[in-house]
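Trainee: Sharing a structure here in structure tokens format.
The values are calculated or read from the model by the stated rules, or taken from the named source; none is laboratory data. Since this is a predicted model, take the numbers as computed values, not measurements. As a convention, Cβ positions derive from the backbone with ideal geometry for all residues, glycine included, and neighbour counts pool all protein chains shown. Accessible surface is based on the protein model in full, side chains and every heavy atom, while ligands, DNA and RNA are left aside. Shrake-Rupley method; radii C 1.70, N 1.55, O 1.52, S 1.80 Å.
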Amino acid sequence: MAPQDAAAIGAITRDEAVTIIAGPCSVESLEQMREVGACLKELGIRVMRGGAYKPRSSPFSFQGLEEEGLKILRAVADEFGLLVVTEVTDSAHAEKVDEYADILQIGTRNMANFSLLKKIGQVTAESGKPVVFKRGMAATIEEWLQASNYITMFGNENVVLCERGIRTFETSTRFTLDITAVPVVKKLSLLPIIVDVSHPTGQADLVPAVSRAAVAVGADGIMVEVHPNPREALCDGPQSLDLEGLRNLVGEVRSVAVAVGTDLA
Ligand code: PEP
Ligand code: MN
């Protein structure tokens, strides 16, 4: 499938059905991604995630497979008929990522990197490719929504907001999920809003409860980190579900979606 088809498909829509985006924190190998891709296909999940360029807190941590990772994502997505979302960390990689991905992602550490936002707005202006735009971990909702205009101002209105937890004084979770952001954004904006259920918790056993909450509160989708073998993951293993965990999660969130009058996309 050509990358630019995602816009036409309406991968993540506002107030229609709940889209699940799943995949590892980072692309590690073709074998790893094929295991994930096969599982997603079996579960009816259409959008696969995976980082090729990783914005790590330490420069000594695994930085991603870069273009090799993009190639793996594209090959696996095409093999299993999936769409791919992956992060752009630097304006210098924008065209390259756009070549391979169906959906571009901007991470929390770059929410206020306005030159990167403008670059992504320009690169996707013609294709109208969706851009998953994460909230800065220390940004207000107002700042986040204003920053989204740096992308849309070039003509691509297909921005998907993603709440991923903010910094508070609480230390029992990695971040604090601002679940209220979902109804607040629905009041202030017409854009779809999804919830990253992995990064706020930092712990895989908390992911199902947070996912149910996200769907119940009206999120248009959830993004969840999964790995065939979380204990061996090169990045974010402790918060990653294994494939059995993902299978269970899909059943749980489907029940909640139906209970609140919607369904899984
Ligand atoms: C990610 O989704 O891979 C990621 C790095 O998330 P965040 O930008 O929210 O930390
Ligand atoms: Mn991660």
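Trainee: For Phe133, Phe169, Phe114, give the ranking by accessible area with the largest first, probe 1.4 Å. Could you put the intermediate results ahead of the total?
Mentor: On the way: Phe133 0, Phe169 190, Phe114 85 Å².
Correct descending sequence by accessible area is Phe169, Phe114, Phe133.
Trainee: Please work out how much accessible surface His199 shows to a 1.4 Å probe, ignoring ligands, DNA and RNA, in Å² rounded to 10.
Mentor: Looks like 20 Å² after rounding.
Trainee: What does the charge dipole of the chain about its Cα centre add up to, to the nearest 20 debye, if the Cβ of each Lys and Arg holds +1 and the Cβ of each Asp and Glu holds -1?
Mentor: 540
Trainee: In whole Hz, what ³J(HN,Hα) sequence does segment 103-113 give by Karplus (6.51, -1.76, 1.60; θ = phi - 60°), x for Gly and Pro?
Mentor: Values per residue, Gly and Pro as x: 9, 9, 10, 10, x, 4, 6, 10, 4, 9, 8 Hz.
Trainee: Over the chain, give the accessible area per residue in Å² for a 1.4 Å probe, as an integer.
Mentor: Per residue, the chain has an accessible area of 40 Å².
Trainee: Once you charge only the Cβ atoms, +1 for Lys and Arg and -1 for Asp and Glu, what is the size of the charge dipole of segment 4-161 about its Cα centre, to the nearest 20 debye? Intermediate values should be presented prior to the final figure.
Mentor: Working: 16 positive and 22 negative charges, 78 e Å.
In total the dipole reaches around 380 debye.
Trainee: Per residue of segment 208-224, in order, report the coupling 6.51 cos²θ - 1.76 cosθ + 1.60 (Karplus, θ = phi - 60°) as ³J(HN,Hα) in whole Hz, putting x for Gly and Pro.
Mentor: With coefficients 6.51, -1.76 and 1.60, one gets x, 5, 5, 5, 4, 5, 4, 5, 5, 7, x, 4, 7, x, 10, 10, 9 Hz.
Trainee: Which of rounded, prolate, oblate describes the chain, given a ≥ b ≥ c as roots of the alpha-carbon gyration tensor eigenvalues and a/c under 1.5 marking rounded, otherwise prolate only if a/b is larger than b/c?
Mentor: Rounded, because the longest to shortest axis ratio a/c is under 1.5.
Trainee: Grab the DSSP H runs of the chain that are 4 residues or longer, score each as -39,500 (n - 2.57), total them, divide by all residues and round the 222 nm result to the nearest 500 deg cm²/dmol. Don't skip to the answer; put the middle values down first.
Mentor: Values: 9 runs with 97 residues, N = 265.
Here the helix-only value at 222 nm equals -11000 deg cm²/dmol.
Trainee: Now a separate question. Probe radius 1.4 Å, ligands and nucleic acids left out: which of Lys54, Lys186 has the largest accessible area, and how do the rest follow?
Mentor: Correct descending sequence by accessible area is Lys186, Lys54.
Trainee: Tell me, what HN-Hα J-couplings in whole Hz come from the Karplus equation 6.51 cos²θ - 1.76 cosθ + 1.60 at θ = phi - 60° for each residue of segment 156-163, using x for Gly and Pro?
Mentor: 8, 8, 7, 9, 10, 6, 9, 7
Trainee: When only the heavy atoms of the protein chains count and the probe is 1.4 Å, how do Val226, Val217 rank by accessible area, highest first?
Mentor: The most accessible residue leads, giving Val217, Val226.
Trainee: Straight-line reach from Lys96: which aspartates and glutamates have Cα under 13 Å away, leaving out those fewer than 8 places along the same chain?
Mentor: The reachable aspartates and glutamates, counting only those whose Cα sits under 13 Å from Lys96, are Glu66, Glu67, Glu68, Glu87.
Trainee: Moving to a separate point now. For Leu83, what residues show an amide H to amide H distance below 5 Å, using hydrogens built from the backbone and excluding near sequence neighbours?
Mentor: Excluding prolines and chain starts, which carry no amide H, the hits are Val47, Met48.
Trainee: Roughly what % antiparallel, to the nearest 5, for the DSSP beta bridges in the chain?
Mentor: Rounded to the nearest five, the antiparallel share is 5 percent.
Trainee: Can you list the lysines whose alpha carbon sits under 29 Å from that of Lys186, skipping same-chain ones fewer than 8 residues off?
Mentor: Hits, sequence-local ones excluded: Lys118, Lys119, Lys129, Lys134.
Trainee: Might you report the magnitude of the Cβ-based charge dipole of segment 48-111 about its Cα centre, with Lys and Arg at +1 and Asp and Glu at -1, to the nearest 20 debye?
Mentor: Around 340 debye, computed over segment 48-111.
Trainee: Please compute the net charge surrounding Ala147, taking Lys and Arg as +1 and Asp and Glu as -1 over other residues with Cβ under 11 Å from its Cβ.
Mentor: +1
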